[in-house]
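Reviewing the structure listed below.
The values are calculated or read from the model by the stated rules, or taken from the named source; none is laboratory data. Note that the structure is a prediction, hence the values are computed from the model and not measured. In this analysis, Cβ positions are derived from the backbone assuming ideal geometry, glycine residues included, and neighbour counts consider all displayed protein chains. Note: accessible area is taken over every heavy atom of the protein model, side chains too, but ligands, DNA and RNA are not part of it. Shrake-Rupley method; radii C 1.70, N 1.55, O 1.52, S 1.80 Å.
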Amino acid sequence: MNFPMKYLIPLQAALMVSAHAAGPGNTNDFRGKRVLIIGIDGLLPSALKAAGTTHLRQLMDEGTTTFTGHSGGTPGTPTEQPTLSGPAWTTMMTATYADVHGVRGNTSSPYGTPGGYQVERAPHFAKRLKEIKPTASVGSIASWGWIEDYLVAAQPSAFDLHSKGEGKNYAEKDLDVSRKSVDCLLGGNPDVLFVHFDQVDGAGHASGFKVDNPTYLEAVRVVDTHVGALLAALKKRPRYALEDWLIIATTDHGGTSGGAHGGQSPEERTIFIILSGGGYPKGQVVESKPGLHVIPGITFRHLGMPVEPRWEWHSEPSDGTR
Ligand SMILES: [Zn+2]
């Protein structure tokens, strides 16, 4: 065969780049940088401190934490939105608020219609990442079905892996999410993996979002064991030593002692954000007041990816978790 070598070599190089883009260690598109986002629905910052966790405590010890972030946007401005799961997770995944993403409740309205998710204007950050790096690998595994069936379903091609927790109740769904996430971390090579747990919110609705509710705190400790399983799986990755994981743990809103959320009270609005690994200072608690929208920007910053103004990602001075 007389196919000139000068054509063959660039072709091989291109194939290698493609094959390695979602590889282990530092062979991915981001020189080993990766992000694990752990979302724990409805977890009050005060309950995170009081529950006596092991693994979330470890993330705090190894990272920088704020207990004074906020859900619900900025009251009295176009970003104000209910402290409900639908708008909140949409903000966390799109870096926009309801004035842009359109989600003001746990809606099932058709995409692009009034009241529905404006997916064209405010896609999931996974879609933006793939616009820059088509070979990036992003996963979403969520206990609350709405995330999978409405938010992710609007743009499934942005994900290499996406699923929801199966089971008869919150605890079973969370366990299923934990197992699927461990499988992904051990058997796959995600650049970004979003994992969502729901039973803390379930306990809050059933018996009150309050720090002196033992049922609520017990749910936090159960989810903490799932966080432990994820962290153990990360460390078992064969080329973990070459990888630079940023682990983000956060929540979408708080709740009231009566078992509700959606309003703009401090107990409903206030959230925590833990940034562990990725060069963030260890054992630091900062009093910054970031909104939920900062999560995609923090993710892109760790990956070394630019954020383009045309995306309309929200930014405000309170983006100060660094
Ligand atoms: Zn929620």
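Details
- Qualifying residue in segment 215-232 (condition: at pLDDT 95 or above and either part of a loop (DSSP other than H, G, I, E, B) or at positive phi (or both)): no
- Just one of the listed residues (Tyr117, Tyr97, Tyr111) is closer than 24 Å to Ser265 by Cβ, more than 13 Å from the ligand (Cβ to nearest atom) and among the aromatic types (Phe, Trp, Tyr), and it is Tyr97.
- Selection of first residues in segment 172-194 that are in a loop (DSSP other than H, G, I, E, B) and of second residues that are crowded, with 23+ Cβ neighbours inside 10 Å and of a type in the set (Ser, Thr, Tyr), restricted to Cβ pairs under 7 Å at least 6 apart or on distinct chains, gives the following pairs, ordered by first then second residue: Asn189/Ser137; Pro190/Ser137; Asp191/Ser137.
- Count - residues of segment 177-207 that are within 25 Å of Gly23 (Cα to Cα), polar (S, T, N, Q) and within 16 Å of the ligand (Cβ to nearest atom): 0
- Lone qualifier among Glu243, Glu218 - being more than 13 Å from the ligand (Cβ to nearest atom), among the acidic types (Asp, Glu) and out of contact with any strand residue (DSSP E or B) (no Cβ under 8 Å at 6 or more places or on another chain): Glu218
- With respect to (1) open to solvent by 10 Å² or more (accessible area, probe 1.4 Å); (2) under 30 Å from Gly208 (Cα atoms); (3) of a type in the set (A, V, I, L, M, F, W, C), the lone exception for Ala232 is condition (2).
Results for (1) open to solvent by less than 30 Å² (accessible area, probe 1.4 Å); (2) farther than 28 Å from Ala98 by Cβ, shown as yes or no for each residue.
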position	(1), (2)
Ile147	yes, no
Val152	yes, no
Pro156	no, no
Glu166	no, yes
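- Only one of the numbered conditions (1) open to solvent by less than 10 Å² (accessible area, probe 1.4 Å); (2) within 17 Å of the chain's Cα centre (by Cα); (3) over 29 Å from Ser207 (Cα atoms) is not met by Gly69, and that is (3).
- Per-region count, segment 74-93, residues assigned to a loop (DSSP other than H, G, I, E, B) and within 15 Å of the ligand (Cβ to nearest atom): 4
- Meets criteria (of a type in the set (Asp, Glu) and either closer than 19 Å to Thr250 by Cα or within 16 Å of the ligand (Cβ to nearest atom) (or both)) for Asp174: yes
- Looking across segment 260-294, the residues that are charged (D, E, K, R) and either within 15 Å of the ligand (Cβ to nearest atom) or buried (at least 24 other Cβ atoms within 10 Å of the Cβ) (or both) come down to Glu267, Glu268, Arg269.
- Test: residue in segment 249-259 that is away from the ligand (no atom under 16 Å from the Cβ) and assigned to a strand (DSSP E or B): no
- Checked against (1) among the aliphatic types (A, V, I, L, M); (2) away from the ligand (no atom under 16 Å from the Cβ); (3) buried (at least 22 other Cβ atoms within 10 Å of the Cβ), Ile132 passes all but condition (3).
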